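First up is the structure itself, then whatever we jot down about it.
The values are calculated or read from the model by the stated rules, or taken from the named source; none is laboratory data. Since we're looking at a predicted model, the values are computed, not measured. Here the Cβ positions follow ideal geometry from the backbone for every residue, glycine too, while neighbour counts run over all protein chains shown. Side chains included, ligands, DNA and RNA excluded: accessible areas come from the protein's heavy atoms. Shrake-Rupley method; radii C 1.70, N 1.55, O 1.52, S 1.80 Å.
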Amino acid sequence: MLQIEGIKLNLEEDEGLLVRRAAAAVRAAPEDVGELRILRKALDAREGARWVYTVRISVKNEEKVLRRQRGRGVSRVTESPYRLPPPISAPGLSPVVAGAGPGGLFCALALARCGARPVLLERGWDVERRQADVERFWETGELDLQSNVQFGEGGAGAFSDGKLNTGTRDLRHRFILEELVSHGAPESILWDAKPHVGTDYLRRVLAELRRELRDLGCDIRFGHRLTGVELEGGGVRALRVEGPEGAYVLPARHTVLALGNSARDTFEMLYAAGVPMEPKPLAVGVRIEHRQADIDLAQYKHLAGHPRLPAASYKLSCHLDSGRGVFSFCVCPGGQVVAAASEAGRAVTNGMSFYARDGVNCNGGLLVGITPEDFPGDGPLAGIALQRDLEERAFAAGGGGFLAPAQRVEDFLLRRPSRGPGSVLPSYRPGVRWCNLWEILPEFLCGALAEALPVLDRKVRGYAAPDAVLTAVETRSSCPLRILRDEGGQSAVRGLWPCGEGAGYAGGILSAAADGLRTAERVLASFSSF
């Protein structure tokens, strides 16, 4: 097949023109073009707005067509899809996957399809029960410590925008996207340059993945929390688990730690058991919220509101004179700010949107990069201590009930308390308490945000608009530690396989799922080497 890059369509043109444009690009007749598959569709809004495509085509006399290509943008490609490892005989002792986020789910899926019949432990509940628990929390402020935005089937990504971006290239990525589509995700994620599933589609996908896992013999145990590891000869021989019926011991020789970045009690347990880990950099800050119409205007200008344009997003960063970096994170066009706490007395924010992205507001993380030198103390758990301190400050400022402290940008830059909203109404539930964030958050954090806001406003006009709302605090952008693993994917405590975002090896749904597949490959290879 031939791959063609840079085919352009304006907003009024139909995708049916792609065959004709592709044929023209390779100087062939349209009737000579057979299959056409869109690989990538990106919006170029720098001058006006137009869609830019990368496509693959089959064409008659491909060799002859290729020889007459002189310019860039046309190349021959061969399809090389990702393949799972060959199947194995079911082991006498099933491998255990701890955590049902993207890393754990795709690890379990690969193990199950290859015949390993894994046990999948998840401290939270299935997505249906979890959704009810989360909705109750947002309405009442009553937090379930085991079933919330952080814990449960799908991990934290189940209540997010469902972004599938990644900065790395990996054959596994296409496989993951195709699996998501086959389980109910929108087909657009296969070619969208900025793919997202949306929290509504993600919940459907999770239910379908669960059905397949169970059909393949995966033993899924919701409400079962990993509480300890029993060691023998430098490796794991069993796990201690707390389930709905009480505590039990689960014999295990192969355990994948796909814990997610908020399993703080599990990190503490593993550290006490001697599992090697190290601190790693983190980013913390606030959610900033604008009216979506204002972001559309800033990005699309006179074309804002065009029915063929999606809700606009942004990606911003700056490097301050202080040496700190400030950047946008997990921007949710047409979304809402959500309460994402998982511990009593600690308030956390995050962002979420549905696939349609049709809400009134746009929100995104506005984060400040910090390093282990900023942590209060030494050791791998020091970053967790910093997160907890910030979350406790936010909870206290909210006055309880998981209300979140909030401030208008104009008031924040003038260091005065806000008394209420302006044109931007905060979407955070259960609600906000207006305040002065300078009296709540550390000086270094507020100072960096205040210095960055005017800089970022020059990149997206209106970003530092007076009525934009800052809601605190966002602390769960990534895990502040890394569980060490060797080149073969194992911990120095043999039989433990750290995996995904919570172990420090991924940063989002797609990269975590890919690391889950990679870990499954390694576990399967260890079985076949016996």
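Among the candidates VAL432, VAL455, the residue that is surrounded by 21 or more Cβ atoms within 10 Å (Cβ to Cβ) and modelled with pLDDT of 95 or more is uniquely VAL432.
Counting only residues that are open to solvent by 30 Å² or more (accessible area, probe 1.4 Å) and either more than 19 Å from LEU496 (Cα to Cα) or aliphatic (A, V, I, L, M) (or both), the range 222-241 holds 1 of them. Within the range 339-359, the set of residues being open to solvent by less than 10 Å² (accessible area, probe 1.4 Å) and either modelled with pLDDT under 95 or not hydroxyl-bearing (Ser, Thr, Tyr) (or both) comprises ALA339, ALA340, ALA341, ALA347, VAL348, GLY351, MET352. The C-beta contact set for the range 299-317 (first residue farther than 17 Å from ALA193 by Cα and assigned to a loop (DSSP other than H, G, I, E, B), second residue of a type in the set (Lys, Arg) and open to solvent by 40 Å² or more (accessible area, probe 1.4 Å), distance under 6 angstrom, 6+ apart or interchain) comprises LEU316/LYS459.
Among residues of the range 191-203 being hydrophobic (A, V, I, L, M, F, W, C) and over 21 Å from CYS107 (Cα atoms), the one that is least open to solvent (accessible area, probe 1.4 Å) is ALA193. Kindly establish whether SER322 is touching a residue at least 24 places away in the same chain (Cβ under 8 Å), surrounded by fewer than 19 Cβ atoms within 10 Å (Cβ to Cβ) and assigned to a loop (DSSP other than H, G, I, E, B). Yes; evaluated as a whole, the condition is true for this residue.
Residue by residue through the range 57-85, note down the ones that are within 30 Å of GLN299 (Cβ to Cβ) and open to solvent by 40 Å² or more (accessible area, probe 1.4 Å). Talk me through it step by step, then tell me what you get.
So the first thing to find is which residues in the range 57-85 are within 30 Å of GLN299 (Cβ to Cβ), and the list is 72-73.
Within the range 57-85, just ARG72 meets the criteria.
May I ask you to verify whether ALA45 is touching a residue at least 24 places away in the same chain (Cβ under 8 Å), out of contact with any strand residue (DSSP E or B) (no Cβ under 8 Å at 6 or more places or on another chain) and either open to solvent by less than 40 Å² (accessible area, probe 1.4 Å) or of a type in the set (A, V, I, L, M) (or both)? Against the criterion (touching a residue at least 24 places away in the same chain (Cβ under 8 Å), out of contact with any strand residue (DSSP E or B) (no Cβ under 8 Å at 6 or more places or on another chain) and either open to solvent by less than 40 Å² (accessible area, probe 1.4 Å) or of a type in the set (A, V, I, L, M) (or both)), ALA45 qualifies. Residue check: SER75 meets all listed conditions (1) under 30 Å from ILE7 (Cβ atoms); (2) part of a loop (DSSP other than H, G, I, E, B) but one, namely (2).
Of the strands (runs of 3 or more DSSP E) lying entirely inside the range 469-530, those containing at least 1 residues that are touching an Asp or Glu at 6+ places or on another chain (Cβ under 9 Å) and closer than 30 Å to LEU413 by Cβ span 469-474. Looking for whichever is farther than 30 Å from GLY516 by Cβ and touching a strand residue (DSSP E or B) at 6+ places or on another chain (Cβ under 9 Å) here; the options are TRP497, TRP434. Which one fits? Just a single option satisfies the conditions, and that option is TRP434.
Please enumerate the residues belonging to the range 409-427 that are within 27 Å of the chain's Cα centre (by Cα) and open to solvent by 10 Å² or more (accessible area, probe 1.4 Å). I'd like the intermediate steps shown before the answer.
Applying the first criterion (within 27 Å of the chain's Cα centre (by Cα)) to the range 409-427 yields 409, 424-427.
Result: LEU425, PRO426, SER427.
The residues in the range 29-52 that are part of a strand (DSSP E or B) and over 25 Å from the mean Cα position of the chain (by Cα) can be counted, and the count is 8. Can you find a residue in the range 7-23 that is open to solvent by less than 30 Å² (accessible area, probe 1.4 Å), assigned to a strand (DSSP E or B) and within 23 Å of HIS302 (Cα to Cα)? Yes, the range 7-23 contains a residue that is open to solvent by less than 30 Å² (accessible area, probe 1.4 Å), assigned to a strand (DSSP E or B) and within 23 Å of HIS302 (Cα to Cα).
Among the residues of the range 380-427, how many are assigned to a loop (DSSP other than H, G, I, E, B) and under 17 Å from VAL284 (Cβ atoms)?
Initial filter on the range 380-427 (assigned to a loop (DSSP other than H, G, I, E, B)): 380-381, 399-403, 415-427.
Now narrow it down to the ones that are under 17 Å from VAL284 (Cβ atoms): 381.
So the answer is 1.
Would you be able to say whether some residue in the range 161-180 is among the charged types (D, E, K, R), farther than 30 Å from PRO310 by Cβ and surrounded by fewer than 18 Cβ atoms within 10 Å (Cβ to Cβ)? Break it down stepwise before answering.
Pass one, the range 161-180, residues among the charged types (D, E, K, R): 161, 163, 169-170, 172, 174, 178-179.
Cutting the leftovers down to farther than 30 Å from PRO310 by Cβ gives us none.
No, that holds for no residue.
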